[in-house]
Structures are given as structure tokens and as C-alpha cells.
1. Starting from residues that are at pLDDT 95 or above and part of a helix (DSSP H, G or I), keep the ones in segment 20-38 and report whichever is surrounded by the fewest Cβ atoms within 10 Å (Cβ to Cβ).
2. Exactly one condition in (1) closer than 30 Å to residue 83 by Cα; (2) surrounded by fewer than 21 Cβ atoms within 10 Å (Cβ to Cβ); (3) touching a helix residue (DSSP H, G or I) at 6+ places or on another chain (Cβ under 7 Å) is not met by residue 167; state its number.
3. When you scan segment 372-451 for helices (runs of 4 or more DSSP H) that lie fully inside it, which ones turn up with 1 or more residues that are in contact with a strand residue (DSSP E or B) (Cβ under 6 Å, 6 or more places away or on another chain) and modelled with pLDDT under 90?
4. Got at least one residue in segment 303-315 being within 21 Å of residue 448 (Cβ to Cβ), outside the structural domain of residue 158 (by TED's automatic domain parsing), more than 19 Å from the chain's Cα centre (by Cα) and free of Cβ contacts under 8 Å to residues at least 24 places away in the same chain?
5. Of everything in segment 210-228 that's free of Cβ contacts under 8 Å to residues at least 24 places away in the same chain and part of a helix (DSSP H, G or I), which residue is surrounded by the fewest Cβ atoms within 10 Å (Cβ to Cβ)?
6. Which one of these is touching a helix residue (DSSP H, G or I) at 6+ places or on another chain (Cβ under 9 Å) and more than 30 Å from residue 74 (Cβ to Cβ): 194, 147, 227?
7. Just one of (1) in a loop (DSSP other than H, G, I, E, B); (2) out of contact with any strand residue (DSSP E or B) (no Cβ under 7 Å at 6 or more places or on another chain); (3) over 24 Å from residue 52 (Cα atoms) trips up residue 123, so point out which.
8. Applying the selection to segment 229-269, what residues are closer than 30 Å to residue 319 by Cβ and exposed (fewer than 12 other Cβ atoms within 10 Å of the Cβ)?
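The values are calculated or read from the model by the stated rules, or taken from the named source; none is laboratory data. Here the structure is a predicted model, which is why all the values come from computation and not from measurement. Heads up, the Cβs are rebuilt from the backbone with ideal geometry, glycines too, and the neighbour counts pull from every protein chain shown.
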């Protein structure tokens, strides 16, 4: 097939382009800006556009399909040309479905934990040399790309994002996959620019549940009351498998879980990650991996990129970075670090970076999210508010929303960095949570600070 990508530089899009190139397709693409690591990875495979921008002349009747990324606009000149020529235009999830419609599709959904659960499943399958097609939202150890597509594999494992499919398709991505096996990890209001009410957001998970094929399997977190209600009230003919947090204990900074074979030490920690593991175990069992083989593999799982990723450590100090930005993720991650390092001072830093987190009306959802930290810090950029065309928010509004009077608030990136690198990190666990980079924070610098 001859396929053109409009907005090839995105994290998901460039990985799909690489996977299709590997599969033997002829790939071209455009974008108005491409950053690292996408830029180098595309260049290494001969897929980096020679010029940045949109070029309608790239769109010809010789193309078998066009894949449209979210970064493009509805009036994109290449999109307009493709529409004029009557070419088949796919969103990212639509094309993944086309690639997997003859396979057993396993879709992992939820407001939080879906990348980690998908990563756990792939780690276990890879450990046992079970080759599957997949799409996951983070780079994993032992995997070259975030997307892998073949003609032969029986299973396709998909991380099921609830965000929109493309600029011309307002359906959530995970509505398009029609899973045979699915999972919902948790539901906590997010993406308020798309789902303006909590009820509207929850409805998307009901639609997802109803999108399972008849006789399909839904694995769900029974400890999340909203998830439990969504799944157990579904009337379509599916099989339902609940899971809960396994029994565990923490000894000298290591988490042990109880199994039929005794206590097993884990590289990961935190109640939310143990819930994720319980869900991943059910999915793997439905894919043919027995419980003992699951545990044999999972003990070596270190986590997905930017998900409680340990970036520096010595005997007295540990530094993590984490993708957490929504209220539920921030609270779960902060609690996990404090529980794991209860004898250390926990400094939890959060960057408010997304549309939802910078919305004045949504801020109240962060109530108590940083309470378990000994020292809590919030950074946000006034420029980010301008870019997103949101109303200004004050430091007082931030403190009131988190309901923490001693909350330290920064709006200047340099001041935040100066504060951070002047902290005494002796006997400390430092947690850096953001979907951004704190205005250019050099995370590598922490390695020299703790050694």
C-alpha cells in the first residue's frame, strides 16, 4: 500500500509510520514542525519530510490511503486535496482497526493506568516469547517502536485513549476498536475541553463497554464505583471479570505481593500500580498465560517511560518523574511515593500544563491531591494560559483549590528551577509530575546532584 501521513511527526503518528514501513508499505508524510525523538527516528528510516509545511501536490490519486493526525486542522490543504480526490482518509484509530479487524483485539481503557497496564501485558508476553501486534502510548524497554503490525499475529493489544480521533472525527479513539477483550481501570473526569460535564465523560465509557463484540470479555476495576456501575449495568451480552488490589506489604522500600507460591518482590510500587497489575494478570490469562507464568514475568517489570520512572538514586535520595497531571493520577502517585518511602521527606512537584488542569473551574478537582507530600509545589506558566486562551488564575486560587495553605506556587520557570536545585535532598524522595517539562527543566541534572 502507498500511504501518506498528514502530521507524521506526532508521537503516535510517527510510530505508526515506522511500523507500516517495517511491514513493507510505501510511506510519505508532512508536518509543519517535527521535534525529537520523532525527527531522528523518521530520518533514520528515510521518512523525514525534506521540507516542513503542508504541500497539496503530495496528495495524488496514486495514494491508497491518507492517515490524518490530530495536529492537523480541518482546513489543512493536504486534507482538502485528499477530500477533493475522493481518497480514503483514516483517523489513527480507524486505520489501526483496519489493520486488526481479523485479529482478536484487546483494548485497555480508563482515565488512568492504561499505558502501564498495556505495558505490563506486553512485558509479560514478550518475556514468554509470545509475539502480538500492539499499540502503546509509551516507549518500552525491549521494544523498538510503540506500534507493531504484522499479517500473522493472532492478537492486537491496543491502548484505548478516550480523546478525539481526528480533526474531522469527533469520536473518542476507543469507540472505534470493537474489542473482543477489554479493560477499564478507572474513571475520573478529564479532557473537559471535549467532555464539558462529568456525566458526558462517563457516558464515553458506557459506549466503549457496549462496543465489545457479543460474547466479548470485560475486565474491570471493582474498587472504582463508577467503573463498577458502568460495567455491571451494561446489558450487552458480554462476560464480566472484576479485579481488586492484591494483598501486599512494603519492607525496607520494596513491595511484596502475596501469591500462591509465596511473597514476590516487585520493581513497581503503589496501590494504583498493584491494581494495574491485577487487571493485566486477568488480561494475560484470557490471552493464554497462566497465573504462575504471569508472576514469573511481572517481577522484572520496571514500569513504562515517565510512569514513576526513577531518574536518580543513591542510598539516601530517590528522584522520580511521572506523567501524572489529572487529579486522580496526582493523588495516587503522591500517595504511592509517600507509602513506599514513609521514613523520608517527600517533595511532590506538579506542573499544571493541560487544558483541564489550567481551567479555573476545574481546579477544585485537585482538592487534597498533594496532601500526602511533606512539601508540595505547583508550577504553571502564565504563557500556557495565553496559548490555551484561558482566563488568568492566581496563586491564591491554586492554594484554595488544593486546600493546602503551605503550598509553594511558582509561575516563573527559572525561579522554580532555582528552588528545586537548592533543596537539601538528603533523606528525600523527590517526585516530579507533569505532562510537560516545567519550562525546560534538565532532568539529567538530578543524576549529578545525588551522586
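1. 21
2. Failed condition: (3).
3. Values: elements: 382-387, 395-402, 413-421, 445-449.
Fully inside segment 372-451 and qualifying: 395-402, 445-449.
4. Looking for residues that are within 21 Å of residue 448 (Cβ to Cβ), outside the structural domain of residue 158 (by TED's automatic domain parsing), more than 19 Å from the chain's Cα centre (by Cα) and free of Cβ contacts under 8 Å to residues at least 24 places away in the same chain, one finds at least one in segment 303-315, hence yes.
5. Filtering segment 210-228 for residues free of Cβ contacts under 8 Å to residues at least 24 places away in the same chain gives 222, 225, 228.
Adding the requirement that they be part of a helix (DSSP H, G or I) leaves 225, 228.
On the way: 225: 10, 228: 17.
Among those residues, the one meeting the criterion is 225.
6. Values: 194 fails: more than 30 Å from residue 74 (Cβ to Cβ); 147 fails: more than 30 Å from residue 74 (Cβ to Cβ).
Step by step, each of 194, 147, 227 is checked, and only 227 is touching a helix residue (DSSP H, G or I) at 6+ places or on another chain (Cβ under 9 Å) and more than 30 Å from residue 74 (Cβ to Cβ).
7. All conditions pass for residue 123, except number (1).
8. 247, 249, 251, 252, 265, listed by residue number.
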